[in-house]
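Remarks on the structure that follows.
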Amino acid sequence: MNKVIEEKANINVNQKTRETNGNQEGTVEKTNSIIEVNDLNLWYGSDQALYEVSMDVPQEQVTAIIGPSGCGKSTFLKTLNRMVEMVPIVKTSGSIKYRDQDIFSSKYKQEYLRTKVGMVFQKPNPFPKSVYDNVAYGPRIHGIKKKEVLDQIVEKSLKGAAIWDELKDRLHENAYGLSGGQQQRVCIARALAVEPDVILMDEPTSALDPISTAKVEELVQELKQKYSIIIVTHNMQQAARISDKTAFFLNGELIEFANTDDLFQNPQDKRTEDYITGRFG
Ligand SMILES: Nc1ncnc2c1ncn2[C@@H]1O[C@H](COP(=O)(O)OP(=O)(O)O)[C@@H](O)[C@H]1O
Ligand SMILES: [Mg+2]
């Protein structure tokens, strides 16, 4: 049984490797995908917001999503952990697989999905609790009660979010009293505390000053050693600086998805070129 799964996994890896090699002369780049989206359509009531989106999200890389306001970036991101379904009028078709499992299947546990595919929002949204209680929130919901265990998780998560040194003596202060940049990193720590492997970030630096932005960008680079990151950004320099792959959305369609350098230096679609050269959006 296990052997079959293992072989299947190997076949997938080989296919991906071959595809990638085919596209890029010479460079051997293994791109395993963690999420595979196929022919995804999404409607808010009768208004369609996503059209036939297909995209393989690479594992342990940073994928940027760019595109003009209203093109469906946030909708797409929230579909990946089924958060979008909190809007009751939403309907979807197509498939999304996370680690080869169909997340739209009636058997799929949404709780599990939201733990594994965590999300960080544009505006830092800490709870009105202490730093400690913010980070311990998820683990406590999962039934962890022992103080020593929670202490460890809180420390590890804050370290993972590059804010332990700044906050280790302020763990019991209310997170509302922190700067915006600190709040955002506490929110990242809160996401890390439940051991996700994908982190969705929706314009996580757009409400931050340049120094805090640089810190979060640096952090994203560190996080990709262990996590797969998808980051929506309206800042194309940011996408170019921090991502490995970039997806360009327009009017609910995925127009182009490529290695970030290729997309910015040699866009294949006229609409991508127009957008990145500032002709619209
Ligand atoms: N809760 C909602 N109800 C109805 N329409 C929505 C809702 N959220 C987003 N939309 C619509 O879906 C489209 C895509 O929006 P969104 O995903 O927020 O775009 P982006 O993040 O690229 O700015 C827009 O036309 C927007 O008006
Ligand atoms: Mg948005």
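The values are calculated or read from the model by the stated rules, or taken from the named source; none is laboratory data. Owing to the predicted nature of the structure, the values given are computational and were not obtained by experimental measurement. Cβ atoms come from the backbone with ideal geometry, glycine included; neighbour counts cover every protein chain shown. Note: areas computed on protein heavy atoms with side chains; ligands, DNA, RNA excluded. Shrake-Rupley method; radii C 1.70, N 1.55, O 1.52, S 1.80 Å.
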For segment 240-258, state whether one or more residues are within 17 Å of GLU60 (Cβ to Cβ), among the charged types (D, E, K, R) and open to solvent by 60 Å² or more (accessible area, probe 1.4 Å). no
Restricting the search to segment 95-127, which residues are within 16 Å of ligand 1 (Cβ to nearest atom) and open to solvent by 40 Å² or more (accessible area, probe 1.4 Å)? PHE121, GLN122, LYS123
Please note which helices (runs of 4 or more DSSP H) are completely contained in segment 114-199 and include at least 1 residues that are under 22 Å from THR213 (Cβ atoms), out of contact with any Pro (no Cβ under 7 Å at 6 or more places or on another chain) and in contact (Cβ under 8 Å) with a residue 40 or more places away in the chain. 131-141, 147-160, 180-192
A careful count of residues in segment 74-94 that are in contact with a strand residue (DSSP E or B) (Cβ under 6 Å, 6 or more places away or on another chain), under 20 Å from LEU254 (Cα atoms) and open to solvent by 30 Å² or more (accessible area, probe 1.4 Å) gives 5
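Out of the residues in segment 209-241 meeting the condition of being of a type in the set (S, T, N, Q) and under 20 Å from ILE35 (Cα atoms), tell me which one is nearest to ligand 1 (Cβ to nearest atom).
Step by step, filter segment 209-241, then rank; the result is THR233.
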